[in-house]
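Trainee: Just dropping this structure here.
The values are calculated or read from the model by the stated rules, or taken from the named source; none is laboratory data. Quick caveat: nothing in here was measured; it's all calculated off a predicted structure. Every residue, glycine among them, receives a Cβ derived from its backbone with ideal geometry; neighbour counts consider all protein chains shown.
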Amino acid sequence: MGGLRLPATAVAVCTALAVPVARAQDARFDTADSLYAAYELCVGGRPFYRTFFARGWPTDRPHRRAALELAAGSAGRTIRATLASGAGLPLTVSVYQHHRRDLLLKAGKAGTRLEDLTRRDLGWFAARSGAERPPRGFVPTFLPVRRARAALSQPWKDDDPSTWAWAPPREESYTLEAVGFCLLAEAAYAREELTARRDDEERGGKASWVGHSPTGGLFGFLALQSASAKLLELKRSLVLDLERRAIVSRSSLRGLKPRDHCFPKAWTAKRSGDSARYSLPEGEDRFASRLGHQAAVLWAAARLAELSDPSGPEELRGLFEDQKVRGELLRIFLPSTHSDAVEVAVFVFRTISKLHVDVKGSAKVSSTADRYQRGPTLTPTDLGLFLLALEAFVRDVRLAPARRGKPGPEVAALKVEQGKAKTLLAELCKTFFAWRQNQSGLFYDSYSVRTATRQQRTRSLASQAFAIRGLLAAHRGLKAAADSSYLTVAKEVFALLDKERWDPARRVYTEEKGSTVPLFGAAAVLGALRELALTTGDGRYLTRFRQYLEGLERAGLFRAANDKAPPGYVSELKLQ
């Protein structure tokens, strides 16, 4: 089978940017953790590096390598490997592709198979990105399973995505958390690749290609298509009716009662022909909602709404309109993507507000909830994720005015919801201050919603990092003063983290016992360091960001591709 043909210069660049690996300790692949890490490192790669010049920060070889090779390089490889893994549902069974085929049939273009549609898309992506030919024998995975073993079914070849498939996963279970973080990572990767342009050096610079490389451009298109497909799958096929206690199909989320509907936190899938059927797993908690999982989808939907907005990035304008392919006008990216993203974001915000938030007196929020009651505890991770999602919902979600410039009812309704979100951002952030009044030191991993006292004795890296991120989200989202209490506390929490958890010999932050570094916690701390640097302008946070990335590399976080495993991250570092 043929592969994606790359120009010789592109292969040389890819080889030069290969990240050395100290110790690859396992091949476990937890989708939520891996794709969350890919998101933080994608944003901490080229977008972060582009700010160095304006701020007068170092742009020498160590800083370039940290941002462009360790961060951006590993994120791109992980996202591409997941899309090509086969560990989940293929794009051909998605509601998105079925809808596109139906549009073609309505236009009188009969005989279009789903496989042909995907193959034609790949050809168009390859032509736009400068690849010599599209990959063959390859169908993208749009909905990844919750967990898999990243073991290749054949030896890996960098220039042939058909060799990137993994051995079949042992379980076909899916989680909302994994879908949310995957959608978030794909949206970030698509933005970075599809807004990049490069001249064709081998043809005298006469052509301009999409992406930082042929592979990057092609998979940037695939990432955007996969993210759009996830969004439509959630909207059309994955609504949990809490009254009927079943997953139902919907044509629209509008008009649903928020307390009676939400996205399920987990489900199973069974392929039936060229479509998929979803059902709830066993266990009574299958009807419960988890704040952090819902927040991940809200955050991701807001980012995709901004990306697909007609007034969004200039390089993407026109992408969601008909494209000319071999003389035919085809819709490769659905024009409804933006309105779908807005609809999903509003739906998730409303369901979180009804299920998880108690607005009596001072607003309080719980980590778990169902139709009848809210859970008794809240974690800093869930709260931080929700505050980040609220910031993105207020900042990124827009609807164009109706004709003649007059806002229609949907625009007015969106503004009402965003006003509520901004109020929640201000009120819920006070929870961090209440927790600090009852303790000293770092945040614990769980607190009582009623008394604000700790419910666990552990203090994980993730809890500290998401507390910092939540505080910074409030600082930015509320346009607080430069010396706001939100920023002050965020810096104080980091100072404690740096004092108590930084291992100067290994140059890593560790969990309390000092022997492990979980992927999710490591990625969260990297994100906190990046945002502290950007918010304060203090280059010392950048220095620690670089040192931490280099320390994680030495400890074996980055797994290079080999004959048995794809590139990616190890799920947990066990320090020697």
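Trainee: Among the residues of segment 547-576, which ones are closer than 22 Å to Phe52 by Cα and surrounded by fewer than 20 Cβ atoms within 10 Å (Cβ to Cβ)?
Mentor: Hits for segment 547-576 are Gln547, Glu550.
Trainee: Can you find even one residue in segment 558-576 that is within 28 Å of Thr78 (Cα to Cα), among the aliphatic types (A, V, I, L, M) and part of a helix (DSSP H, G or I)?
Mentor: Within segment 558-576, none of the residues are within 28 Å of Thr78 (Cα to Cα), among the aliphatic types (A, V, I, L, M) and part of a helix (DSSP H, G or I).
Trainee: With segment 239-333 as the region, which strands (runs of 3 or more DSSP E) entirely inside it contain at least 1 residues that are surrounded by fewer than 15 Cβ atoms within 10 Å (Cβ to Cβ)?
Mentor: Here the list reads 246-248, 266-272, 275-279, 323-325, 328-330.
Trainee: Going by the structure shown, is Asp483 assigned to a helix (DSSP H, G or I) and either within 20 Å of Phe545 (Cα to Cα) or free of Cβ contacts under 8 Å to residues at least 40 places away in the same chain (or both)?
Mentor: No: the conditions fail for Asp483.
Trainee: Mind checking which residues of segment 153-168 are small (Gly, Ala, Ser), part of a loop (DSSP other than H, G, I, E, B) and under 25 Å from the mean Cα position of the chain (by Cα)?
Mentor: Residues satisfying the conditions are Ala165, Ala167.
Trainee: Find all pairs meeting these conditions: Cβ atoms under 9 angstrom apart; at least six residues apart or on different chains; first residue within segment 75-101 and closer than 23 Å to Leu152 by Cβ and in contact (Cβ under 8 Å) with a residue 60 or more places away in the chain; second residue crowded, with 24+ Cβ neighbours inside 10 Å and charged (D, E, K, R).
Mentor: Final answer for the pair search is Ala75/Glu40; Gly76/Glu193; Ile79/Glu186; Thr82/Glu186; Leu83/Glu186.
Trainee: Of everything in segment 400-449 that's touching a Gly at 6+ places or on another chain (Cβ under 8 Å) and over 30 Å from Arg501 (Cβ atoms), which residue is modelled with the highest pLDDT?
Mentor: Among those residues, the one meeting the criterion is Lys422.
Trainee: Sort out which residues of segment 140-166 are touching a strand residue (DSSP E or B) at 6+ places or on another chain (Cβ under 7 Å) and surrounded by fewer than 17 Cβ atoms within 10 Å (Cβ to Cβ), and write them in order of number.
Mentor: Selection gives Arg149, Ala151, Ser153.
Trainee: Same structure again: Based on this model, can you work out whether Arg469 counts as more than 25 Å from the chain's Cα centre (by Cα), among the charged types (D, E, K, R) and surrounded by 15 or more Cβ atoms within 10 Å (Cβ to Cβ)?
Mentor: Criteria not met by Arg469.
Trainee: Okay, next question. Condition (residue is surrounded by 16 or more Cβ atoms within 10 Å (Cβ to Cβ), of a type in the set (Ser, Thr, Tyr) and out of contact with any Gly (no Cβ under 7 Å at 6 or more places or on another chain)) applied to segment 122-134: is it met by at least one residue?
Mentor: no
Trainee: Select, from Arg203, Arg191, Arg236, the only residue that is at pLDDT 95 or above, over 17 Å from the mean Cα position of the chain (by Cα) and farther than 12 Å from Arg128 by Cα.
Mentor: That would be Arg236, the only listed residue that is at pLDDT 95 or above, over 17 Å from the mean Cα position of the chain (by Cα) and farther than 12 Å from Arg128 by Cα.
Trainee: Also, I was wondering about something else. Out of Ser289, Ser311, which single residue is over 19 Å from the mean Cα position of the chain (by Cα) and modelled with pLDDT of 95 or more?
Mentor: Just one listed residue meets the conditions, Ser289.
Trainee: Now, a different point. Of the residues Leu89, Leu35, Leu70, Leu105, only one is at pLDDT 95 or above, in a helix (DSSP H, G or I) and within 30 Å of Glu321 (Cβ to Cβ); which?
Mentor: Leu35
Trainee: Continuing with the same structure: Please find, within segment 122-140, the residue that is nearest to the chain's Cα centre (by Cα) out of those that are of a type in the set (D, E, K, R) and under 16 Å from Ser162 (Cα atoms).
Mentor: Once the filter is applied, the top-ranked residue is Arg136.
Trainee: Looking for whichever is under 27 Å from Thr78 (Cβ atoms), surrounded by fewer than 17 Cβ atoms within 10 Å (Cβ to Cβ) and under 27 Å from the mean Cα position of the chain (by Cα) here; the options are Thr510, Thr516, Thr458, Thr423. Which one fits?
Mentor: Of Thr510, Thr516, Thr458, Thr423, the one residue that is under 27 Å from Thr78 (Cβ atoms), surrounded by fewer than 17 Cβ atoms within 10 Å (Cβ to Cβ) and under 27 Å from the mean Cα position of the chain (by Cα) is Thr516.
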